[in-house]
Amino acid sequence: MQKYYAQGTVESNPVVTNMPNGKKMAKFQLICEESYYSRDGLKTITDIVPVVLWGRKADAGAINIKKGDNLLVVGKIKTVMMKQGDFSFPLTEVHADSFDFIKPRRGGDNRAEYDEEEESLPSSNSYDYTPSSIEFEDL
């Protein structure tokens, strides 16, 4: 069994598609950053992770997830073959089993602007991981 965890910021509102089999699919991209120190100073690696929600999770995501939200996504990594003209290529996505909204402790919604007077890198305890999880079982 595989589980993939990604924490990041939603790049744009989810796009919902009705599939030919009747299921709904919602897609969005999660911007995940990792900071570390090297001999040259502070470095940041940014990954853009495509996330897919299916069924009722797609409905919930379309209603609740907005650009700029901070999310923790748990899911499985899937690779699908895409075609563009005569060219085929693999695309790796995260098919989400669940997602949690991560809200800053400082109050407000999770789209709040970061205060310039605060540290540029949040400490590991700067987020409140209170349960606000939305999890659904596909029927």
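The values are calculated or read from the model by the stated rules, or taken from the named source; none is laboratory data. Bear in mind that the values here come from a model prediction, so they are computed numbers and not experimental data. Backbone-built Cβ (ideal geometry, glycine too); neighbour counts: all protein chains shown.
Structural remarks
- Residue check for D59: charged (D, E, K, R) and in contact with a helix residue (DSSP H, G or I) (Cβ under 9 Å, 6 or more places away or on another chain): no
- Elements of type strands (runs of 3 or more DSSP E) in the range 1-54, at least 3 residues being more than 21 Å from K103 (Cα to Cα): 15-18, 24-38, 41-54
- Qualifying residue in the range 1-20 (condition: exposed (fewer than 14 other Cβ atoms within 10 Å of the Cβ), within 16 Å of L91 (Cβ to Cβ) and either more than 10 Å from the chain's Cα centre (by Cα) or at pLDDT below 95 (or both)): yes
- Residue match in the range 18-30 (condition: in contact with a Cys (Cβ under 9 Å, 6 or more places away or on another chain) and in contact (Cβ under 8 Å) with a residue 24 or more places away in the chain): no
- When residues of the range 66-92 are limited to those that are under 17 Å from Y5 (Cα atoms) and free of Cβ contacts under 8 Å to residues at least 60 places away in the same chain, the one surrounded by the most Cβ atoms within 10 Å (Cβ to Cβ): K78
- Residue match in the range 62-77 (condition: part of a strand (DSSP E or B) and acidic (D, E)): no
- When K78, K103 are screened for being among the charged types (D, E, K, R), at pLDDT 90 or above and under 17 Å from the mean Cα position of the chain (by Cα), only K78 passes.
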